[in-house]
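Each remark here refers to the structure printed beneath this line.
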Amino acid sequence: MKYTGRAWGAWESRMAHAKVAIIGDGNVGTALKQGLTRVGYEVQAIGKVPEKVREVARWGEIVVLAVPFVERENAVQEMGDAVAGKPLVDVTNALKAGEFASTPQRSGAEELQAMARGAKVVKAFNTAFAATMSTGQVHGERLTAFVAGDDKEAKQRVLRMAQDIGFDSLDSGPLRNARWIEALGYFHIQLGFNLGLGPSIGFRLVRKSP
């Protein structure tokens, strides 16, 4: 969808005041809440309070899923139809028992879309550590937020959200490309923790400015 003139102004206003519901209040959920609140978004975050999850998800115009990979199905059940028609941002790392859980045939984000059929799943933010997620930057450099999804408007809203936080947001194609974004996220974890580079690292795609 392309916005021009008054339509663009109305969309900009709506985006600036988007209500974001974050399901998960661990390090990632907390960092995203800090970053989004700082730039003017209304944010509510909820942790392991099943009776409140649907209420918070219903309140949000954009829903961020920031729970452990193995808790996705439980979270989807708790949210129920509260995510219908909304962007559902999958920030999870595809990990089970510390091992990579995505495949070249199907990503965790595609699995999530099958679980939450009424939502518009967008993969984003999983290639940044919580330590850098509230600003989208590390050592004075903007990190790239790789954003993949099948719904164009939902993806555009998440691209804008990442840009507002401070990331260099990049349209990374359809949701099936989450297979490679999740692999990149796993490699990021390997570099940061298994190879000892620490959490103050990140990926930046060097490209010509649009």
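Computed from the coordinates by the stated procedures, all read-outs in this text should not be read as laboratory data. The structure displayed is predicted, hence computed values, not measured ones. Cβ coordinates were reconstructed from backbone atoms using ideal geometry, including for glycine residues, and neighbour counts include every protein chain displayed.
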Mean-square fluctuation maximum in Gaussian network of the chain, Cα pairs under 10 Å, restricted to GLY198, GLY166, GLY47, hits GLY198
Which percent, to the nearest 5, of DSSP beta bridges fully inside the chain are antiparallel?
-> 25 percent
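How many Å³ per residue does the convex hull of the Cα positions in the stretch 86-210 occupy? Please list the in-between numbers first.
Numbers: hull volume 13.4 nm³, N = 125.
Per-residue hull volume (Cα only) is 107 Å³.
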Determine, for PHE187, PHE129, the number of other Cβ atoms within 10 Å of each Cβ, and report the residues in order from fewest to most.
-> PHE187, PHE129
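Under the classification rounded if a/c is under 1.5, otherwise prolate if a/b is larger than b/c and oblate if not, where does the stretch 23-81 fall, given a ≥ b ≥ c as square roots of the Cα gyration tensor eigenvalues?
Details: a/c = 2.24, a/b = 1.42, b/c = 1.57.
The shape class here is oblate.
Can you work out the FRET efficiency for the pair ASP171 and GLU51, with r the C-beta to C-beta distance and R0 = 35 Å, to the nearest 0.05? It would help to have the intermediate numbers written out before the result.
Working: r = 37 Å, r/R0 = 1.06.
Step by step, r from the Cβ atoms, then E = 0.40.
Can you give the charge dipole size of the stretch 5-194 about its Cα centre, rounded to the nearest 20 debye, using +1 on the beta carbon of Lys and Arg and -1 on the beta carbon of Asp and Glu? Spell out each step's value before the answer.
Values: 23 positive and 22 negative charges, 59 e Å.
It comes to approximately 280 debye.
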Residues whose modelled amide H sits under 5 Å from the amide H of PHE203, counting only those 5 or more places away in sequence or on another chain, are THR144
Against the globular-protein guess of 2.2 N^0.38 Å, express the Cα radius of gyration of the stretch 33-138 as a ratio, rounded to two decimals.
-> 1.06
